[in-house]
1. Residue check, Asp46 against (1) touching a residue at least 40 places away in the same chain (Cβ under 8 Å); (2) over 17 Å from Gln17 (Cα atoms), all met but one. Which one?
2. Can you tell me how many residues in the stretch 15-27 are part of a strand (DSSP E or B) and either without any contact (Cβ under 8 Å) to a residue 24 or more places away in the chain or crowded, with 16+ Cβ neighbours inside 10 Å (or both)?
3. Run Asn327 past the list (1) at pLDDT 95 or above; (2) over 20 Å from Leu355 (Cβ atoms) and report the number of the one that doesn't hold.
4. Looking only at the stretch 350-375, count how many residues are more than 17 Å from Cys421 (Cα to Cα), touching a strand residue (DSSP E or B) at 6+ places or on another chain (Cβ under 8 Å) and among the aliphatic types (A, V, I, L, M).
5. I'm trying to understand the selection: among the residues of the stretch 299-318, which are surrounded by fewer than 16 Cβ atoms within 10 Å (Cβ to Cβ) and over 20 Å from Glu333 (Cβ atoms)?
6. With the requirement that a residue be aromatic (Phe, Trp, Tyr) and loosely packed, with under 12 Cβ neighbours inside 10 Å, what does the stretch 53-95 give you?
7. Restricting the search to the stretch 83-103, which residues are small (Gly, Ala, Ser) and outside any loop (DSSP other than H, G, I, E, B)?
8. Here are Val40, Val5: which of them is assigned to a loop (DSSP other than H, G, I, E, B) and either touching an Asp or Glu at 6+ places or on another chain (Cβ under 9 Å) or under 15 Å from Leu109 (Cα atoms) (or both)?
Amino acid sequence: MSSYVTHRNEASVSVDQTSSRETITYYRITVKVGTVHWNVLHRYNDFVELHDKLVSNHGVAKELLPPKKVIRNKTPKFVEQRREALDVYLKNVFNYLKLSMPYEFAHFLDMHLYDIFFLLQDLAKTLFLEGDKLLENEKSHKFTPMELHAISERLKMACPPTEKQDQMYDFSHILDYCSQLRALNIEGSYEKLGTSTIVPNELQFDLIPFKSLQELTILGVPMGCIQSVGSLRDTLVSLSVLVASVVSMNEFLLVDILHKDPSSIADTVKWKKLSIVSFASNNIKDMDWAIKLVPKLQHLSLSSNKLSDLCDVSCLHELRVLNLSMNNFQLCESWHSKIGNVVKLDLSQNKVESLQGFSRLYSLESLDLSCNCVTDVEEVQHICKLPVLEYLWLTANPVASTVDYRVKVLEQFNARMEEICLDNERASGKELDTARVLQALRVVKEGKTPSFLQNNNTTHCFNRS
């Protein structure tokens, strides 16, 4: 990102090309500040308007600007002559105003879009005029990586010599707004910004100014951009890191910790209030020990990753909702020893074949296994004794295409069949009657009450007949 204040002597401007749109001639200005450069298009009338302001307010000589020509001002020869004249004009004005760089001239060169200091001037003005209203009305404020980088870099600087006296441009308005903000949304990009050479996802920033932040959503920003999370470990309640190519959750949870050794982790790096976490649509293959740094976690989403095995998260005593949809789970053995008292489990769009691993999840109220590989309706017997299970999804499994699929599933829940919502639909009276007939036929056929219908509330186990 451009930093004119620190690279003033490495800055230049030139009017190097022309272009036409609908009979209007535009002059392309190339602005270079250090290693950063960008282009700006302006009509001759824009130069006239700027020149009038610079003459009135900043002592630029009136005769510097090439004069207007009404007749034959569209000929290629004249356009080229005017380009050369405007190039000389702009260079002279730039050299004259290089130290002060007035607001009008900076805007004419689009410095408010690409330069740290002038971008922050515009942001400060906006927050001075609208900050209180934004804090009151907005559910979440969106900052770009450019803005966050500018804020972070500005915090490292002494007061720039071009700091404006007008209080509405004061940097303190930005810091005051950031310190009060409760919800922040950051959206990254690998595309070059506008006409510049700046790539947002190559800019580093920290989150130190956000003293009261409770909700943070990061979309498409690589974790290498974030240098520090500041005091977020004490305030953050909800975190979403989406489409960020994350391979491990500790890329954010430990983003500013140099030694990422579990034995060296102290209470100071634990996320004290964080209860909702989503790392959906990333490249996570394994859940690592860093999840233990979120002891208050209640909702965890790892949807659309590359998980095939689940680590022990039973230490998360408050975890109630677990979303593992769109991963690579196939075997889910003894999950009762891994996920504790989870109430809602989403395993849709995986490769699960058996329900045996869920047989002792006694706190489970909702189980989504839609779009998996369950083929045998008898697999339901593994979960039919879960005492509070109410919502079950098996749609888009092979088993769902079998004859009387719904009735055969509901039958296995015995007295609780009326309570079960299967594939988002409660059992109809006809389905319940048919299920009871199937139960009676099973009793006659087997000569005894099937094992999954027996009342065995003490052991929660079963013996398949």
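The values are calculated or read from the model by the stated rules, or taken from the named source; none is laboratory data. This structure is a prediction, so every number in the text was calculated from the model and none was measured. Virtual Cβ from ideal backbone geometry, glycine too; neighbours counted across all protein chains shown.
1. Just one mismatch for Asp46, condition (2).
2. Of the stretch 15-27, the ones part of a strand (DSSP E or B) are 15-21, 24-27.
After this cut, where a residue has to be either without any contact (Cβ under 8 Å) to a residue 24 or more places away in the chain or crowded, with 16+ Cβ neighbours inside 10 Å (or both) as well, the list is 15, 18-21, 24-27.
Residues meeting the conditions: 9.
3. The single condition Asn327 does not satisfy is (2).
4. Summing the residues that are more than 17 Å from Cys421 (Cα to Cα), touching a strand residue (DSSP E or B) at 6+ places or on another chain (Cβ under 8 Å) and among the aliphatic types (A, V, I, L, M) in the stretch 350-375 gives 1.
5. His317, Glu318 - these are the residues of the stretch 299-318 that are surrounded by fewer than 16 Cβ atoms within 10 Å (Cβ to Cβ) and over 20 Å from Glu333 (Cβ atoms).
6. none
7. So the first thing to find is which residues in the stretch 83-103 are small (Gly, Ala, Ser), and the list is 85, 100.
Across the stretch 83-103, the qualifying residue is only Ala85.
8. Val5
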